[in-house]
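The values are calculated or read from the model by the stated rules, or taken from the named source; none is laboratory data. Just so it is clear, the structure is predicted and the values come from calculations on it, not from any experiment. When we count neighbours, we look across all protein chains shown, and the Cβ atoms used for this are built from the backbone with ideal geometry, even at glycine. Just the protein is used for accessible areas: all its heavy atoms, side chains included, with ligands, DNA and RNA removed. Shrake-Rupley method; radii C 1.70, N 1.55, O 1.52, S 1.80 Å.
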Amino acid sequence: TAGNPGEFSFRRALRSEAIGAVCWRAPPPVVLGHGGGWRLVRWSDRLRVAFADAIGRTMPGPAAPRFAGLLMGLVFGVRAVGVEPAMADAFRRAGVMHVLVASGTQVSLLLACVYFLSLRLRLPPLVAVVLSVALVVPYTLIAGGQPSIVRAALMGMFVMGALVSGQDSDVPTALAASAGLILLCSPLQLQSLSFQLSYAACIGLFALGLPLAERAPRWVPRRPAQLFCLTLGAQLFVAPLVVWHFRALAPIGLVSNLPVIPVSGVLVVTGLAASLTGSWLAPVACLLNWVSHTILGWMLSFVGWCASLRGGYVQPFAMTPAELAGAALLRGLPRQRRQHWILGGLAFLTVCLGYGVWREATAGLTVAVLDVDEGDSILVTGPTGRRLLVDGGRRYEREGQTVDDGLDRVVPALMLSGVRRLDAVIGTHQHEDHIGGLRTVLQAYQPRQLLLPDLPRDVPAVAELLEEAGKQKVPVGRLARGQTLDLGGGARAYVLWPPLTPVRGTGSDENNNAVVLKVVFRRVSFLLASDLEEEGERLLTQMPGDLSATVLKVPHQGSADASSAEFLAAVRPAYAVVTVGPNNFGHPSPATLARLRVTGARIHRTDHDGMVVYRTDGHTVSVHTFGRR
């Protein structure tokens, strides 16, 4: 499972797809047979491949394969047909990614054709409904059967049945009925992002978009104003979910959707027609694809321009759960009466007062050790709410993709911990696994200060961090032995290392000059030892001062060259936490774990326990783990 709150859980994602286990086998597997599986699914898969081939063969002009893939994505959705990652990212940054998700637009076009055909031919209601099912069900299967397309298909057939039979059609009822049927068949779809976004967008359209569209000023062009209001309603209801899941917001979507939505509707029509005629009327398909190619060229230029606008796409964008809940509630308040506003305000003040009283009564120190695999990131929250973040995990390139612990792990955990601001951020030393993710943290929170030891500015990770601090106008200060950081409420963080004159000539000067903090609150203390190695430990123990601590953040991922017996004898920890992940270094070393057990310390590991949270009132310590097991 995920090691931190807010982090993507691969297990949960697989479970929502009814996958219970993943197995690896080194030799190639032996194929025992072909032709298994549901026959209808196999048929729809072959049909989708045939449609893709038809569009690919008849797409003219430059970059035909890319345009054919994008057109198939518009027609059948990005889950059914792969779209280039760079292209999909541009649509995401422009706030129009939803046009690449098969849903209401495509189903509405199919059902509109059936509806007008039934009116023209005066078909019986039952025949019209059967024809709708015969078109929509295969399309849903071809598009991949995601919750968004299933929701649109069910709602469309409910409304279609009402229209052709002369009954009243009620969109909220159809929306609720479709959700009930989906969850009845697969309750875990409630956790699906596709399900959440699809229904949030629909609720926004009908609860806010339509009422706003009806009240649009007469002096504004009618169609653009209505489209803007509908887009605004959908975006406002979807925004909290997008921030929650992706820590991102695309304000440019309010403008970019105005031309993209109608244009994508035209492309769906031409793409469907080309896919159907490509195998037996190639000239017609070529003509349709020539039109699609021209329109797609314009769309890509427009989407690329919107994606490049500064401020059009904000990531990371951090909000606390309370702020997200408040934003979700405020969306429906403008339609309420004045007394509802007053009662809501009084209730809010009551909750705030109760929270303030509870917080004062339970004030204490919290140290959360995040799971960032082979790296460190530790959040220290003082009794009065002052927050200090020590390190931010890794940031590196892998197979052309950027892995950013700051974005994927640290910022989500901070959001769910209710962090609105950071009073200080500390980078302990120049290694990427400690300061790589801090760039994203600075972007999300603009802390009051960034504190670093004496680091070489020619190291890329340090140079990039300082450059980001300059962009975010975050003051940069230097840390050295003897400094004290006030965490409020009597809690303090003492800088024990490095000395004013950095040590030289050790096995790893970078690790042995890393910042070591001792956080003290009454009778409980935490020693955050970063990546200090045995030579640095020996020099630190020779310095005057008390190294004993209730909780030890084990140095250097529990490597064999750290946590010496002399150092552990000086610290005498009751708890020890090892920040570690999958690695080729043998961390944590069995010898180190054995030395820790000799001290009697209770050991936690982020690769087993996920995020480890220590809470103390200054006298006792409680431990909570988020859990990876």
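Couple of notes before you dig in:
- For the criterion of being of a type outside the set (A, V, I, L, M), open to solvent by 30 Å² or more (accessible area, probe 1.4 Å), modelled with pLDDT of 85 or more and under 30 Å from the mean Cα position of the chain (by Cα), PHE228 fails.
- Residue selected from the stretch 160-189 under the condition without any contact (Cβ under 8 Å) to a residue 40 or more places away in the chain and β-branched (Val, Ile, Thr), by the criterion most open to solvent (accessible area, probe 1.4 Å): THR173
- In this entry, MET299 is excluded by the filter for residues that are of a type outside the set (D, E, K, R) and at pLDDT below 85.
- Of the residues making up the stretch 258-299, those that are closer than 21 Å to VAL49 by Cβ, open to solvent by 10 Å² or more (accessible area, probe 1.4 Å) and among the polar types (S, T, N, Q) number 3.
- Residue pairs whose Cβ atoms lie under 7 Å apart, sitting 6 or more positions apart in sequence or on different chains, and linking a residue in the stretch 114-129 that is under 12 Å from LEU163 (Cβ atoms) to a partner that is open to solvent by 70 Å² or more (accessible area, probe 1.4 Å) and assigned to a helix (DSSP H, G or I), are VAL114/LEU135; TYR115/LEU163.
- Unmet requirement for VAL255, which otherwise passes all of (1) open to solvent by less than 30 Å² (accessible area, probe 1.4 Å); (2) in contact with a Cys (Cβ under 8 Å, 6 or more places away or on another chain); (3) in contact (Cβ under 8 Å) with a residue 24 or more places away in the chain: (1)
- Of residues in the stretch 452-495 being open to solvent by less than 40 Å² (accessible area, probe 1.4 Å), assigned to a loop (DSSP other than H, G, I, E, B) and in contact with a helix residue (DSSP H, G or I) (Cβ under 7 Å, 6 or more places away or on another chain), the one nearest to THR366 (Cα to Cα): VAL474
- Residue count for the stretch 394-451, restricted to those that are aliphatic (A, V, I, L, M), under 26 Å from ARG478 (Cβ atoms) and part of a strand (DSSP E or B): 5
- Members of the stretch 18-72 that are open to solvent by 100 Å² or more (accessible area, probe 1.4 Å) and either on the phi > 0 side of the Ramachandran plot or within 30 Å of the chain's Cα centre (by Cα) (or both): CYS23, TRP24, ARG66
- Failed criterion for ASP617 (all others in (1) open to solvent by 30 Å² or more (accessible area, probe 1.4 Å); (2) within 23 Å of ASN4 (Cβ to Cβ); (3) touching a Gly at 6+ places or on another chain (Cβ under 6 Å) hold): (2)
- When VAL372, VAL403 are checked against the criterion of being out of contact with any Leu (no Cβ under 6 Å at 6 or more places or on another chain) and either open to solvent by 10 Å² or more (accessible area, probe 1.4 Å) or hydroxyl-bearing (Ser, Thr, Tyr) (or both), a single residue qualifies: VAL403.
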